[in-house]
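Colleague: I'd like to ask you about the structure that follows.
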Amino acid sequence: MRKDDCIFCKIAAGEIPSATVYEDERFRVILDLGPAQKGHMLILPKDHFADVTEIDSVTAVHVLPLAARLGAAAKKGLGCDGFNLVQNNGPAAGQTVMHFHMHVIPRWDGGPEIVAWTPGEQTAEEREETAAAIREAL
Ligand code: 5GP
Ligand code: ZN
């Protein structure tokens, strides 16, 4: 199912041109317009899902092997040394387009930091309280 006012639905359907790296019946993989690094790709399902909590099991089963294949192809084709898989859910997490997508970002040794955080601190009690809150919501 697609959503009429969704730009990634339009791109995935080929209605808006994009630099396409790969396409099959379920996905279109395009180059990001504002790449974090050369070869930054976006895996777009052709069906509309707002985020990872909505994707169906068939999409879920296929997206990770496709990401791995694209990362391996970036290593071979672009000579990158590694790659990040990044997948944002919700504006608080940096999601700006509300159509599920997975970023595949090629990385070169010595290149800029892209996915980084400052390690925080928690007491054992705080950790246990946090774990319990998530566990009980599962
Ligand atoms: P998010 O922040 O939602 O995880 O990622 C959205 C990504 O989509 C951003 O990296 C942004 O550069 C990219 N993007 C937004 N609009 C377009 C577009 O029209 N075409 C392409 N190729 N990329 C887009
Ligand atoms: Zn969409």
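Colleague: Top mean-square fluctuation among Lys76, Lys46, Lys38, Gaussian network model of the chain, C-alpha springs under 10 Å?
Modeller: It is Lys76.
Colleague: On a C-alpha basis, how far is the centre of the range 89-138 from the centre of the range 1-74 in Å? Whole number, if you could?
Modeller: 21
Colleague: Compute log10 of I(q)/I(0) for the range 7-137 with the Debye formula, placing one identical point scatterer on every Cα and leaving out solvent, at q = 0.12 Å⁻¹, to two decimals.
Modeller: Reported log10 I(q)/I(0), two decimals: -0.55.
Colleague: Measure nothing but the geometry: give the 0 to 90° angle between the long axis through the Cα atoms of 57-78 and the longest principal axis through the Cα atoms of the chain, rounded to 10°.
Modeller: 70
Colleague: At a threshold of 8 angstrom on Cα-Cα distance, excluding pairs fewer than six apart, so keeping six or more, what relative contact order does the chain reach in percent?
Modeller: That works out to 22 percent.
Colleague: Moving on. Need one number: convex hull volume per residue for the range 45-117, Cα atoms only, in Å³.
Modeller: So the per-residue hull volume is 103 Å³.
Colleague: Taking every Cα atom in the range 92-138, find the radius of gyration and the maximum pairwise distance Dmax, and write them in Å.
Modeller: Computed over the Cα atoms of the range 92-138, radius of gyration and Dmax are 16.5, 42 Å.
Colleague: Also, I was wondering about something else. Relative to the longest principal axis of the C-alpha atoms of the chain, give the angle of the C-alpha long axis of helix 124-137, reported between 0 and 90° and rounded to the nearest 10°.
Modeller: 50
Colleague: Still on this structure, I have one more. Name the long-range amide H neighbours of Asn84: under 5 Å, sequence gap of 5 or more, or other chain; modelled H, no Pro or chain starts.
Modeller: Amide H neighbours of Asn84, under 5 Å, 5+ apart: Ile105, Arg107.
Colleague: Within the chain, count lysine pairs with alpha carbon atoms under 27 angstrom apart where the residues are 8 or more positions apart or belong to different chains.
Modeller: Count of close lysine pairs: 8.
Colleague: Where does each of Met41, Met1, Met98 land when they are ranked from fewest to most other beta-carbon atoms within 10 angstrom?
Modeller: Least to most surrounded, the residues fall as Met1, Met98, Met41.
Every read-out reported here was derived from the displayed coordinates using simple, explicitly stated rules and does not represent laboratory data. Keep in mind that this is a model prediction, so the values were computed, not measured. Note that we place each Cβ from the backbone using ideal geometry, even for glycine, and neighbour counts take in every protein chain shown.
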